[in-house]
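Peer 1: Please find one structure pasted underneath; my questions will follow.
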Amino acid sequence: MQALTFHGKQTISYETVADPGIEQPTDAIVKVSQCSICGSDMHPYHEREKGLDHGTVMGHEFVGEVVEVGSSVKALKTGTQVMSPFTISCGNCFYCHEGLTARCVNSQLYGWRQSGSGLHGGQAELVRVPLADSTLLTIPDGVSSEEAILLGDIFSTGYFCAANAGVNPGGTYAVLGCGPVGIMAIIGARELGAEKIFAIDSVPGRLSLAEKFGATAINFPRTNPRSIIDEETAGRGVDAVLEVVGSAAAGRSAYELVRPGGTISTVGVHTESQMAFSPVEAYDKNITYKIGRCPARYYMEKLIPIVQKKKYDLASVFSHKMLLKDGAEAYRIFDKKQDGCMKVLLEI
Ligand SMILES: NC(=O)c1ccc[n+]([C@@H]2O[C@H](COP(=O)([O-])OP(=O)(O)OC[C@H]3O[C@@H](n4cnc5c(N)ncnc54)[C@H](O)[C@@H]3O)[C@@H](O)[C@H]2O)c1
Ligand SMILES: [Zn+2]
Ligand SMILES: [Zn+2]
């Protein structure tokens, strides 16, 4: 089959690799129809996350059709159109029962292979899905394949960020970073009733999209977010910051913008080795800090009805549609935010 594979820093190849096959009776093989590039793919791409084996098939956002199932797969049949969370999960362990499917004891992330083991990704014609019955979901009526891809990662992640922030109708919030996940966090916050949301970024096109979804845009560093937020909150700061970047600078801004007793909720993947604020700084502001990988399998089921209502044009985050064969170029365009690139959908 053809796939996008990793070959070192900023090097993605479209090449022929072996077709995946059933390895365990609980596996399924999915023929991918569409997949997408995530901000998270940029961490191994730039080797901020190190250790990814060369030759690994990239990507963890895809939809497609089940074309083969292992002997113990019960819920899925060949021909079913499916969506997938970005990690696999067993549905049976303590964490799966708690709704923390991202920390399932059998969890694996698509597109992460290290020292010869792990799971290939979904930016390919075919993908092997272990624990298929408890991982995959049939794409329900009223959910487009683009929306199904977003449910599998970034809509779930944005909503999770808002839920962790304790968003409620009366509060004032700041979303740091208006990339695709930040936009989904704004939508998640809206869905949880938030009316006052400040959206902070430096990319005008991204701020415009944030405004379209009801946030008040602040273009930093042109404008100092703190001064605007102070005016709205009698100098206190926001009740919660939704930090959707994953850098030391953003971590520090989150600390500066949150009020005493407030919450910092971050889904940004932080690859630096230290927190952006010290224990005593956290103490002195009575801060609650929530961080981590989204349990997408848990959230996607819960969020299906929101998608079916079509209240938000979720798919508008896809600024570019390209072919899988042009994937290496798609990575470059996405990385450089060329031509206003927000998120790339790859058709097989
Ligand atoms: N926790 C999870 O489960 C999970 C899931 C998906 C993605 N992520 C992570 O979420 C983060 C965002 O993903 P994305 O696809 O939207 O990425 P992105 O890179 O497209 O967006 C990040 C945005 O933040 C802005 N930004 C950079 N520095 C900033 C700062 N100091 N203050 C405010 N804004 C700043 C950038 O201009 C950009 O628009 C990434 O770290 C990604 O890995 C986490
Ligand atoms: Zn992703
Ligand atoms: Zn589990």
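Peer 1: What's the total number of residues in the range 8-23 that are in a strand (DSSP E or B) and either under 20 Å from residue 66 (Cβ atoms) or without any contact (Cβ under 8 Å) to a residue 24 or more places away in the chain (or both)?
Peer 2: So the count comes out to 2.
Peer 1: If a residue has to be of a type outside the set (A, V, I, L, M), buried (at least 20 other Cβ atoms within 10 Å of the Cβ) and away from ligand 1 (no atom under 12 Å from the Cβ) to count, how many in the range 234-254 make the cut?
Peer 2: 2
Peer 1: Among the residues of the range 33-52, is any away from ligand 2 (no atom under 16 Å from the Cβ), in a loop (DSSP other than H, G, I, E, B) and crowded, with 16+ Cβ neighbours inside 10 Å?
Peer 2: No, the range 33-52 contains no residue that is away from ligand 2 (no atom under 16 Å from the Cβ), in a loop (DSSP other than H, G, I, E, B) and crowded, with 16+ Cβ neighbours inside 10 Å.
Peer 1: When residues of the range 216-229 are filtered for being closer than 9 Å to residue 172 by Cβ and assigned to a loop (DSSP other than H, G, I, E, B), how many remain?
Peer 2: Counting residues in the range 216-229 that are closer than 9 Å to residue 172 by Cβ and assigned to a loop (DSSP other than H, G, I, E, B) gives 0.
Peer 1: Looking at residue 177 and the list (1) more than 16 Å from ligand 2 (Cβ to nearest atom); (2) at positive phi, which single condition is not satisfied?
Peer 2: With (1) more than 16 Å from ligand 2 (Cβ to nearest atom); (2) at positive phi applied to residue 177, the lone miss is (1).
Peer 1: Let me ask something else. Restricting attention to the range 271-288, does a residue exist that is among the β-branched types (Val, Ile, Thr) and in contact with a Ser or Thr (Cβ under 8 Å, 6 or more places away or on another chain)?
Peer 2: Within the range 271-288 (the criterion being among the β-branched types (Val, Ile, Thr) and in contact with a Ser or Thr (Cβ under 8 Å, 6 or more places away or on another chain)), the answer is yes, since at least one residue qualifies.
Peer 1: Hey, can you tell me all the residues within the range 53-78 that are surrounded by fewer than 21 Cβ atoms within 10 Å (Cβ to Cβ), among the aliphatic types (A, V, I, L, M) and over 15 Å from residue 301 (Cβ atoms)?
Peer 2: Within the range 53-78, 67, 76 meet the criteria.
Peer 1: Please specify each residue of the range 53-75 satisfying the condition of being closer than 24 Å to residue 147 by Cα and either aromatic (Phe, Trp, Tyr) or part of a loop (DSSP other than H, G, I, E, B) (or both).
Peer 2: The answer is 58, 59, 60, 62, 75.
Peer 1: Take the range 75-95 and flag every residue that is over 19 Å from the mean Cα position of the chain (by Cα) and within 12 Å of ligand 3 (Cβ to nearest atom).
Peer 2: Those that are over 19 Å from the mean Cα position of the chain (by Cα) and within 12 Å of ligand 3 (Cβ to nearest atom): 90, 91, 92, 93, 94, 95.
Read-outs: derived from the displayed coordinates by stated rules, not from any lab. The model shown is predicted, which means the values in this text are computed figures rather than measured ones. Cβ coordinates were reconstructed from backbone atoms using ideal geometry, including for glycine residues, and neighbour counts include every protein chain displayed.
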